Amino acid sequence: MKILLLAMGLLSVSASCVSQNPKDDKDLKNERLVYFSFDHHNSMAIFYGEKYEVNTTKDGRVHVLIDEGYPGEKEFYLNDSTIFDELQVIVDAYEMDKYKKNYQPEMPVTDGDSWDLYCKYDSNRRISSGGYMAWPSNYREARHAITEYFKKWRAYEQGVLAVDCFRFTCKDCEGNNIEYALERGKKEATLTLRNAEKGIDKTLKVSNDCMREVQQMCNTAMMKSELYNYHTDNPDATRCTYSISYNTGDTVSGYTCYTQYPGPKERAVFNFFSRWLEQAQTPAE
């Protein structure tokens, strides 16, 4: 009898270690998810991994954040809370409420992957789990299900952070001025091309779809608020500025000063605007 009781005790302890937040209360079947976050990243790879966060605001809207490597972040609001019901399906399918609170490798590992999962319900019940280079047996499948689910929200347009205006200026030591700009309009975007060296000074109307393309260029080139003062006292340095205005009213601006010109951001800008520059230089028939 003592052996049986001891065995039952060990099983109870084992179960408590595995099932951190079990749904064993019948009243919990009516609870609703009000917060969800999942984060997977690597301590050495800055632009690796993903983070998803969905929470309920004070005014009853749903705030969604999708970050799959800086600076490709998307943030928007929804008036419908169905997203929580859909996320709950994933939580249930992979029994995330049975995840342990913390997973760690048996042997020390450096420069590896970390992950965190957190859910909160209107009943105040919480699911909290995470780890470093260790995970539940179904983690690979669960992570894939989460990233696949958020694919549809990556394409969500209404309320997504969007570029309204991009402007780039450049002045070299010989006084050559360059200005490229793309500004969103109600029906079409306005494109400005000025290049004194090539004798170009034109304003054109292009599709507003180009605003998405310029935003992708800014993301790929990692244009953010920063200041690069390389050899600012050197008279041969080329000075460039860029500004990105968003539909939220926020503006990102940068300043660069190079002796080895152009830098990676400038090359990205020149490559992006090259298609229109070629047209601007082609003589009219």
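Cα-Cα over 25 Å: which of 198/265; 58/120; 51/187? Numbers along the way, then the final one.
Details: 198/265 21 Å; 58/120 15 Å; 51/187 34 Å.
Going by Cα-Cα distance, 51/187 fall outside the 25 Å limit.
In the calculated pair-distance distribution of the stretch 69-123, the portion above 15 angstrom amounts to 69 percent of the Cα-Cα pairs. Evaluated at q = 0.11, 0.22 Å⁻¹, a Debye calculation over the C-alpha positions of the stretch 79-155 (equal weights, vacuum) places log10 I(q)/I(0) at -0.33, -1.11. In this structure, the amide hydrogen of residue 189, modeled 1.01 Å from its nitrogen in the peptide plane, lies closer than 5 angstrom to those of 206, 207, 208, counting only residues at least 5 positions away or on a different chain. Full extension of the segment from residue 194 to residue 152, taken as 0.36 nm per residue of separation minus the current Cα-Cα distance, would add 11.2 nm.
Every read-out reported here was derived from the displayed coordinates using simple, explicitly stated rules and does not represent laboratory data. Since this is a predicted model, take the numbers as computed values, not measurements.
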